[in-house]
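J.: If you scroll down you'll find the structure; I have some questions about it.
The values are calculated or read from the model by the stated rules, or taken from the named source; none is laboratory data. Please read all numbers here as calculations on a predicted model, not as lab measurements. Note that each Cβ is placed from the backbone with ideal geometry, even for glycine, and that neighbours are counted across all protein chains shown. Note: areas computed on protein heavy atoms with side chains; ligands, DNA, RNA excluded. Shrake-Rupley method; radii C 1.70, N 1.55, O 1.52, S 1.80 Å.
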Amino acid sequence: MDIAKIKGWWKIRLLLTIVGKKCLKEMTKASKNGKKSSAQCLRSTLLWAKDSVYGKEHHFAEILAAKTDDELFQLYQKNVPINSYEDMSPYIERHKTGEPDILFPGKPKLYATTSGTTKEPKWIPVSEHYYKMVYKKMNQGWFYTMIMNRPKVFYGTTVIIVGKAIEGAAPDGTVYGSISGVMSRDIPEFMKSIYYVPVEVNYIPDYKARYYCIMRFGIEKDVTLLLTANPSTLVEMQTNINEFFIDYCNDIEKGTVSDKFTIPDDIRAALVAFAKPNPARAEELRKLKERFGTVLPKHYWPNLQVINTWFCGNTKIYYDKVRDSFPPDAVFHEFSYVSTECKGGLVLKSNTQETTLFGHKIYFEFIHESDIDSKTPKILQIHELKEGQRYCLLATTSAGLYRYNMNDLVEISSYYNQFPQIKFIQKVNGTISLTGEKLHERQFIEAVHEVEKKTGKIAPFFVGFADPQKSNYRFYYEFADQSISVSEAEEFTKQLDSCLQEYNPEYREKRASNRVKTPETALLGPEAFERFKAACIDRGYRDGQFKLNLLMQDEKRHAMFKELVK
């Protein structure tokens, strides 16, 4: 068979099947002995990085001298501490200023940025080795799982909503941006025919304009795959369609891009050059509007096969809002356990939340949920877990993260041979995430104190709650000056919201795109904390064990604070 002569979706399906089957075959073979594969993964990672600054400081060569897998695990725990981003940051800073061989051989290919626990974002290094062996190679398996579940998934157009591939550069010139944007940019040449719009659309700064352009071109096509990490994006996408449907039809008919939106001239030029008049499709869309009133994806994309998005943890709320808007035959394919720090595995079956961990590509350790707050937690290996139990993950990657605390609580739902299949439950250790913003309690506290300094209004007690139903936060204040009005408190919240956007780029992005709505304000009377604590003790809390986080997602406690509002 001469593959070079094959064109269109036949070629895409054939090539993805060839490389994807190979990827899954490798994973299946490795999964038959989880302990052995985990040890081999750790050995290869340490061997690769043993001559780096971090490797020498933490005795990677001595760890590699272990004669058994158990000894290897023990020596690794003994010589390498459990790390947070703050622990890794000094090494990352040295890479950012141009030093090679700090966390791994050479320098990062790029940095992926995400929110941290303070106002400074995290810079997560991505090595060339990790990019090729995990992101690129395992993505082949990811695409193949979609073909396994829906063979016609690549027969039409693909709509992929991702971040910017390049947003800026470190002091030494190494770029930073969205890893999903980089992957989208670097798709194989044979797949580019199914992409519906120039990549420049992802660089439109204004979110409403960006959504408009994404859907102005997307709604014109026969889409069979829709891919975006957050289902909250699907909600905003549909909101945009409802608001600008007439503009869509006019632009599609004429081959234009509406001048209602602020779009940089160079990007607008690229989009206009790409657009062609399509009066027939415009007429089809207008008839759908006449027939149904509110036009939904199941109307304009009737052949849609797969919606690839998260529907685990808090994201299920948004999934529930949109799932009935899509064709009944389409399947939702969980985006898998993936973060800026770690692409953890693959979801093999659609309409499930179970991610099969890459035990042969990433070295995982686990802490049982009952042991998370211990100063000396018991560390478990991949073969020591129990189905139905919940754990916090530590990840070691070939991108320079060693025993990195992911601060994620996951549940072992089942097994793929000896590789655990997990479901994400929630963030832990003070981090709240309605739709990927990962807002940390420490950021909230620092932001409140900053606004106190700016305004002169002092809040001896304050607390914030995430409301997943409303997709926003509600902030409660007990001001020292009890005469402060609701409108003054709302202005305090407005400034607090601005501070949080400065501190947390993910929160800023979600607010700008309206996936996290405007925060609400509530005023508390005097001694609110004392009254809340007394109410908790009356309900059975032990006084000596009572503690209160200042940023929570807790419906029961939130309901109690609502009763304390003035």
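J.: Being over 21 Å from Phe364 (Cβ atoms) and of a type in the set (Lys, Arg) is the filter here; which residues of segment 56-102 pass it?
T.: Answer for segment 56-102, where residues must be over 21 Å from Phe364 (Cβ atoms) and of a type in the set (Lys, Arg): Lys56, Lys67, Arg94, Lys96.
J.: Still on this structure: Of everything in segment 183-218, what is farther than 24 Å from Lys132 by Cα, open to solvent by 60 Å² or more (accessible area, probe 1.4 Å) and among the basic types (Lys, Arg)? Give them in sequence order.
T.: Lys208
J.: Which fully enclosed strands (runs of 3 or more DSSP E) of segment 417-532 have 3 or more residues being closer than 16 Å to Met552 by Cβ and open to solvent by less than 20 Å² (accessible area, probe 1.4 Å)?
T.: 461-467, 472-478
J.: Let me ask another. So, in segment 238-272, of the ones that are of a type in the set (Lys, Arg) and part of a helix (DSSP H, G or I), which residue ends up surrounded by the fewest Cβ atoms within 10 Å (Cβ to Cβ)?
T.: The extreme case among them is Lys254.
J.: If you don't mind, another one. Checking the conditions here, which among Val197, Val235, Val182 is farther than 24 Å from Thr352 by Cα, outside any loop (DSSP other than H, G, I, E, B) and not basic (Lys, Arg)?
T.: Going through Val197, Val235, Val182 in turn, the sole match is Val182.
J.: In addition: Which of the residues spanning segment 157-167 are open to solvent by less than 20 Å² (accessible area, probe 1.4 Å) and assigned to a strand (DSSP E or B)?
T.: If the condition is that a residue be open to solvent by less than 20 Å² (accessible area, probe 1.4 Å) and assigned to a strand (DSSP E or B), then Thr158, Val159 are the ones that fit.
J.: Right, another one. Restricting attention to segment 150-176, and to residues there that are out of contact with any Phe, Trp or Tyr (no Cβ under 8 Å at 6 or more places or on another chain) and at pLDDT below 90, which single residue is nearest to Asp222 (Cα to Cα)?
T.: Ranking the candidates gives Ile161 first.
J.: Among the residues of segment 325-337, write down those that are in contact (Cβ under 8 Å) with a residue 60 or more places away in the chain and either open to solvent by 40 Å² or more (accessible area, probe 1.4 Å) or within 20 Å of the chain's Cα centre (by Cα) (or both).
T.: Across segment 325-337, the qualifying residues are His333, Phe335, Ser336, Tyr337.
J.: So, of the residues in segment 13-71 that are in contact (Cβ under 8 Å) with a residue 40 or more places away in the chain and touching a Lys or Arg at 6+ places or on another chain (Cβ under 8 Å), which turns out to be farthest from Asn83 (Cα to Cα)?
T.: So the residue we want is Cys23.
J.: Here's something else I'd like to know. Looking for whichever is in a helix (DSSP H, G or I), under 30 Å from Ser433 (Cα atoms), at pLDDT 95 or above and open to solvent by 10 Å² or more (accessible area, probe 1.4 Å) here; the options are Lys298, Lys287, Lys321. Which one fits?
T.: Being in a helix (DSSP H, G or I), under 30 Å from Ser433 (Cα atoms), at pLDDT 95 or above and open to solvent by 10 Å² or more (accessible area, probe 1.4 Å) holds for just one of Lys298, Lys287, Lys321, which is Lys298.
J.: Only one residue in Ser374, Ser413 is among the hydroxyl-bearing types (Ser, Thr, Tyr) and farther than 30 Å from Gln305 by Cβ, so which one is that?
T.: Ser374
J.: Take segment 168-179 and flag every residue that is in a loop (DSSP other than H, G, I, E, B) and open to solvent by 30 Å² or more (accessible area, probe 1.4 Å).
T.: Correct list: Pro171, Asp172, Gly173.
J.: If you go through segment 118-137, how many residues are of a type outside the set (Lys, Arg), surrounded by fewer than 22 Cβ atoms within 10 Å (Cβ to Cβ) and touching a helix residue (DSSP H, G or I) at 6+ places or on another chain (Cβ under 9 Å)?
T.: The total comes to 6.
J.: Can you tell me which residue in segment 352-378 is farthest from Ala30 (Cα to Cα), limited to those that are of a type in the set (Val, Ile, Thr), over 20 Å from the mean Cα position of the chain (by Cα) and open to solvent by 30 Å² or more (accessible area, probe 1.4 Å)?
T.: Thr376
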